[in-house]
1. State all residues of region 51-81 that are near the ligand (Cβ under 10 Å from one of its atoms), under 17 Å from residue 159 (Cβ atoms) and part of a loop (DSSP other than H, G, I, E, B); if no residue qualifies, say none.
2. With respect to residue 176, determine if the residue is assigned to a strand (DSSP E or B), in contact with a strand residue (DSSP E or B) (Cβ under 8 Å, 6 or more places away or on another chain), crowded, with 19+ Cβ neighbours inside 10 Å and on the phi < 0 side of the Ramachandran plot.
3. Give me a count of the residues in region 28-50 that are assigned to a helix (DSSP H, G or I) and within 16 Å of the chain's Cα centre (by Cα).
4. For region 26-45, give me the residue count where each residue is surrounded by fewer than 18 Cβ atoms within 10 Å (Cβ to Cβ) and within 15 Å of the ligand (Cβ to nearest atom).
5. Please indicate, with yes or no, whether at least one residue in region 165-173 is at positive phi, away from the ligand (no atom under 12 Å from the Cβ), surrounded by fewer than 18 Cβ atoms within 10 Å (Cβ to Cβ) and not in a helix (DSSP H, G or I).
6. Looking at (1) over 18 Å from residue 117 (Cα atoms); (2) more than 14 Å from the ligand (Cβ to nearest atom), which is the only condition residue 48 fails?
7. Return the pair list, or none, for Cβ contacts closer than 6 Å from residues in region 84-110 that are in contact (Cβ under 8 Å) with a residue 40 or more places away in the chain to residues that are away from the ligand (no atom under 11 Å from the Cβ) and part of a helix (DSSP H, G or I), at least 6 apart or on different chains.
8. Check whether at least one residue in region 207-224 is within 16 Å of the ligand (Cβ to nearest atom), in contact (Cβ under 8 Å) with a residue 12 or more places away in the chain, within 18 Å of residue 272 (Cβ to Cβ) and in a loop (DSSP other than H, G, I, E, B), and report yes or no.
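Nothing in this text is a laboratory measurement; each read-out follows from the coordinates by a stated rule. The model shown is predicted, which means the values in this text are computed figures rather than measured ones. Cβ coordinates were reconstructed from backbone atoms using ideal geometry, including for glycine residues, and neighbour counts include every protein chain displayed.
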Ligand code: NAD
């Protein structure tokens, strides 16, 4: 696919999740038919509720770790199915490894049978606790293969290797994108990631729990930007891997303060034990995304946080 041929029908695994549901929405807005394949392990049918009654959208509730088929024409397979928050993959370690291994193989097999382009939603976690900063795609990472994050990090590393093997030996047209911390509406308040945790705490007037001394950094990409990057990668002929993230780097403590201020909250900030293998630095080098895809994030962090806070506030 070189971007000149419009995608008519896309399969989105994990399409009822946070990022996947926004991706489904954008594809539908562009006129692409969407088959969302999701077992609702960490996602929710509520995320795609607005699509009910849409003849161009189908929700197929199934586990992609088991072989599956999608009848009819498919131009594009976007493989996002996987638990993604540290809380989720700690609760579902085997399911996470199976989604990365069997799920990726089944999604690649589908793309091969259909002659479809395949996109793997990989992660900055493949860099582990990085020794190179900011992280470029050429960095191989610093990952603990038996640590508390290993089920996720190694699943995605395996998924990248499998995607590469299908590309080089089975002729599947693939691209790997490495998403960095993405945030926005439809994150679950209890998923344990920093943004929903701080927003929920600040809106409730409870203490904001910062891990360690809060000097570890994160780079936050608003979900609309991430979706734009995913679709730009899908429409390109590039194989990746390509980083998709916002290079504006914040300490976790600064993030907590910003969210508290944007919420107009008087919550105190408290410090809690930092999780084992929590990355110290996280910042994407997006030179490749810019040059190869013409992509860069456009949503300012404070604006994105304000839109996210507004959504959480309306949840009640
Ligand atoms: P999410 O948990 O909201 O969405 C994941 C979706 O996959 C859920 O709807 C879940 O039910 C589904 N799923 C999980 N296992 C499945 C299986 N075996 N079969 C079918 N469906 C399954 O997470 P998210 O934040 O939307 O992440 C989506 C993808 O993006 C993941 O692959 C994740 O690794 C990647 N990613 C996300 C971020 C981020 O900051 N959100 C960062 C890096 C990478």
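1. 63, 64, 65, 66, 68, 80, 81
2. yes
3. From region 28-50, those assigned to a helix (DSSP H, G or I) are 28-29, 45-50; that's our starting set.
This time we only want the ones that are within 16 Å of the chain's Cα centre (by Cα), so: 47.
Result for region 28-50: 1.
4. If we filter region 26-45 for residues that are surrounded by fewer than 18 Cβ atoms within 10 Å (Cβ to Cβ), which is where we start, we get 26, 29-31, 40, 44-45.
From what's left, within 15 Å of the ligand (Cβ to nearest atom): 26, 40, 44-45.
Qualifying residue count, region 26-45: 4.
5. yes
6. (2)
7. 89/151; 93/151; 96/151; 97/151; 100/158; 101/158; 104/162; 108/166
8. So far as region 207-224 goes, yes, one or more of its residues are within 16 Å of the ligand (Cβ to nearest atom), in contact (Cβ under 8 Å) with a residue 12 or more places away in the chain, within 18 Å of residue 272 (Cβ to Cβ) and in a loop (DSSP other than H, G, I, E, B).
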